[in-house]
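Trainee: Okay, handing you the structure first.
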Amino acid sequence: MTLLKNDPLTQLAFSIHENKGVFAVLIGSGLSRAAEIPTGWEITLDLIRRVGLAQGIEEQADWALWYRQKTMLEANYSALLEDMAISPEERRSILHSYIEPNAKDREEGRKIPTAAHHAIASLVCSGYIRVIITTNFDRLMENALRERGVEPTIVSSLDALLGAEPLTHSQCYLLKLHGDYKDSRILNTNSELSVYPDSYNHLLDRIFDEHGLIICGWSGEWDDALRSAFLRAPNRRYPTFWMTRSALSERAQELTFHRKAKVVTITSANEFFTTLKQRVETLAERQNQNPLSIELLVHSTKRYQAKPEYRIQLDDLFTQEIERVLLQLDAPNFSAQGQWSQSEFRLRVQQYEAITEALARMAGVLGRWGGDRELRLILDIIRTLYNHAEKIGGGLTVWLNIRSYPAVLVFTAYGLGLTRAQRWQMLHELFAAPWVRKYYECEKVVTTLFLQSWKGVESDIWKQLEGFDRRKTPLSDHLLDVMAEWGTSFLGVASGFELVFERFEILGSLVSFEENDEAAMEKAVTSSDRLAWMPMGRAGWNTTSAAILVQELESTGTIRALLSAGYARNSPRFLQLFLENFKRWQRQMLW
């Protein structure tokens, strides 16, 4: 037994990932049905019902039976349309109301793109799928693509084919074989679907010859012209995967035999395409920067920072890495468009971390072993990452807010390196460094990127990480996990890493608290509530670490070292006020 014999979905994900742009998707009415757009049979029954009611017939439990008894014929979508509407324009008008969503449909989520449409659009956006063939009249697929920022080349008529961008030059080529519901040239009767124009046949022959196929929502039972295209194609250089919810008909089995298709039973198109997207993205995510290349970058950073004469090489090393990171951050999978989903959030967090790991670890090295001159370099890098994130102004708020997560990672790694080396003055300068934001007054790094001060924590979004739904400090907890792994490059394997991490956080809270006036805090101390708001990390609820850190901050040696480094406004009393505020916050967090 082979590893993937009983797992065709993973096999397909591997094929898509390793053969980017090779697979085409063929979708039929099954996908539209999930959006509550009726199938041809459902439209047929409704049309029969409407005709019967117009003729004064009472409501029937089985309108197909009534039609059979009335006409001595089986109900047939094609024949009924030809009987009711002579011209294509009339047929288009009849179908319009079944497809076009009204205000109530949109409000209730009907006749709009489904999870399957969005998953396909995401695969297109990432470059894995370039060709989509559909027998559907609706515009669900193109709407989903446009929501992801992709403008497809749409071919829904012979005229459109003649003027269309070439197949090889298109980011997404959408072939609507039966036309568009707003165009009177739609094909929907047996006679119209029996033969395609030669130009359509040539295009289908090329697609079937040059691409693998993913078929979903198409029965293979009707549409003789499309069936003929299948049977006509002799070459099977890439595989065909046929998704079905039930056993295929004999006519469909004829096509699977000819194409040697792998038939995969699924529960729904939504579940299938969503899972496929996730598996492809997981494969892409696991293809991170080679660990050996990361170690080489970290080792080079250690070597270059050790000698002043290598400062140019060190700068070049960081410049090359930041350019690589920025290039990857421009990938379509980080688009601010598209819908929210928990799985998408988790995936984006992983992808941001994979892209930023080497740069963050390099920054941590400079924090631990570097000199004073490196602070400016790190601040330039952090600002570059943040400004790059801010260049996108429109989209889903959560995607916009977490675009600056790489800046948070680099800031945290460098700060931890400084903390581990007890470079208190440099750490204070990092926290208090001025930060000019567009349309805002000058702030500090600590009020822009640190814990709850960072806009990426809005709406408790980090509780969406697996197992974090009940965490009091989910972002802090996650950063601890990430830095525990990355920190071996610059923090060592000391057993006290958790305490180092929380020492970094409590000092960040102190610098944030420095925004307050000492006299105002003296007045506030008489109240039973907190003195002032400030970002709080894990020490707010981790009583063991908190006790150690508070004891440190109350010791004479630590007080002297921190005040001389610029903390607490160089005021012993201000440091005491901070500790009082911390303890009051801690009591509330432990409640």
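Read the figures in this text as sums done on the coordinates, not as results from a lab. Predicted, not measured: the structure shown is a model, and the values here were computed from it. Ideal geometry is used to build each Cβ from the backbone, glycine not excepted, and the neighbour counts take in all protein chains shown.
Trainee: Relative to the present Cα-Cα distance, how much length would full extension add between ARG110 and ALA247 at 0.36 nm per residue of separation?
Mentor: Answer, rounded to one decimal: 46.5 nm.
Trainee: Now, a different point. Suppose each label sits 7 Å from its Cα in the direction of the beta carbon; what would the SER459-SER571 distance come out to in nanometres?
Mentor: 4.0
Trainee: Moving on to the next point. Calculate, in nm to one decimal, what GLN313 and ASP198 gain on full extension: separation in residues at 0.36 nm each, minus their alpha carbon distance.
Mentor: 35.2 nm
Trainee: Two decimals, Cα atoms only, Kirkwood Rh: what is Rg/Rh over the range 494-591?
Mentor: Checking Rg against Rh, the ratio lands at 0.95.
Trainee: Follow-up. Between ASP205 and THR558, 0.36 nm times their residue separation minus their Cα-Cα distance comes to what? Before the final figure, lay out the partial values.
Mentor: On the way: separation 353, 0.36 × 353 = 127.08 nm, distance 7.69 nm.
Taking ASP205 through THR558 to full extension adds about 119.4 nm, to one decimal.
Trainee: Additional query: Arrange the following residues from fewest to most other Cβ atoms within 10 Å of their Cβ: PHE582, PHE14.
Mentor: Ranked by crowding around the Cβ, least crowded first: PHE14, PHE582.
Trainee: Can you compute the charge dipole magnitude of the chain about its Cα centre, using +1 on each Lys and Arg Cβ and -1 on each Asp and Glu Cβ, nothing else charged? Give it in debye, rounded to the nearest 20.
Mentor: On the way: 67 positive and 74 negative charges, 277 e Å.
With Lys and Arg at +1 and Asp and Glu at -1, about 1340 debye.
Trainee: Something else now. Scanning the chain for trypsin sites (Lys or Arg not before Pro) in DSSP loops with at most 10 other Cβ atoms within 10 Å, what's the longest stretch left with none?
Mentor: 6-236
Trainee: Could you work out Rg/(2.2 N^0.38 Å) for the chain, with Rg from alpha carbons only?
Mentor: Ratio of Rg to 2.2 N^0.38 Å for the chain: 1.25.
Trainee: Could you put PHE257, PHE578 in order, starting from the residue whose Cβ has the fewest other Cβ atoms within 10 Å?
Mentor: So the residues, fewest neighbours to most, are PHE257, PHE578.
Trainee: If you build the Cα gyration tensor of the range 272-363 and take the root of 5 times each eigenvalue, what three semi-axes come out, in whole angstrom, biggest first? Spell out each step's value before the answer.
Mentor: Values: eigenvalues 216, 34, 16 Å².
Square roots of five times the eigenvalues give 33, 13, 9 Å.
Trainee: Right, here's the next one. On a 0 to 90° scale, report how tilted helix 115-125 is relative to the longest principal axis of the chain, with both axes built from alpha carbons and the result rounded to the nearest 10.
Mentor: Orientation of helix 115-125: about 70 degrees from the principal axis.
Trainee: Kindly provide the helix-only [θ] at 222 nm of the chain, computed as the sum of -39,500 (n - 2.57) over DSSP H runs of four or more divided by all residues, to the nearest 500 deg cm²/dmol?
Mentor: Roughly -17500 deg cm²/dmol at 222 nm, from the helical runs in the chain.
Trainee: Let me ask you something else. If you average 1/r across every pair of different Cα atoms in the range 481-536 and take the reciprocal, what Kirkwood value do you get, in Å?
Mentor: After inverting the pairwise mean of 1/r, the radius is 13.6 Å.
Trainee: Also: For LYS391 paired with THR71, estimate the spin-label separation in nm (one decimal), with each label point 7 Å from Cα along the Cα-to-Cβ line.
Mentor: With each label placed 7 Å out from Cα toward Cβ, I get 6.0 nm.
Trainee: Would you please state the base-10 log of I(q)/I(0) at q = 0.16, 0.21 1/Å for the range 5-60, with intensities from the Debye formula using one equal scatterer on every alpha carbon?
Mentor: Scattering profile of the range 5-60, log10 relative to I(0): -0.69, -0.88.
Trainee: To the nearest 10 degrees, how steep is helix 342-369 against the longest Cα principal axis of the chain, on a 0 to 90 scale?
Mentor: The answer is roughly 30 degrees.
Trainee: So, one more: On a 0 to 90 degree scale, rounded to 10, what angle separates helix 311-329 from the longest Cα axis of the chain?
Mentor: 30
Trainee: Can you list which of the GluC sites (Glu not before Pro) found in the range 415-496 are DSSP loop residues with at most 11 other C-beta atoms within 10 Å?
Mentor: Answer by residue number: GLU441, GLU466.
Trainee: Once the range 120-180 is represented by equal point scatterers at the alpha-carbon sites, with solvent omitted, what log10 I(q)/I(0) does the Debye formula produce at q = 0.14, 0.15, 0.19, 0.28 Å⁻¹?
Mentor: -0.33, -0.38, -0.62, -1.27
Trainee: Let me ask another. Give me the one-decimal nm value for the distance between modelled label points at GLU151 and GLU323, 7 Å along each residue's Cα-to-Cβ direction.
Mentor: Here the answer is 3.0 nm between the modelled labels.
Trainee: Further, regarding this structure: Quick one: Debye curve from the alpha-carbon atoms of the range 290-471 only, equal weights, vacuum; give me log10 I(q)/I(0) at q = 0.08, 0.09, 0.19 Å⁻¹ to two decimals.
Mentor: Cα-only, vacuum Debye calculation for the range 290-471: -0.26, -0.33, -1.36.
Trainee: Also, I was wondering about something else. Assign unit charges at the C-beta atoms only (+1 for Lys and Arg, -1 for Asp and Glu), then state the dipole size of the range 494-591 relative to its Cα centre in Debye, rounded to the nearest 20.
Mentor: That gives a dipole near 140 debye.
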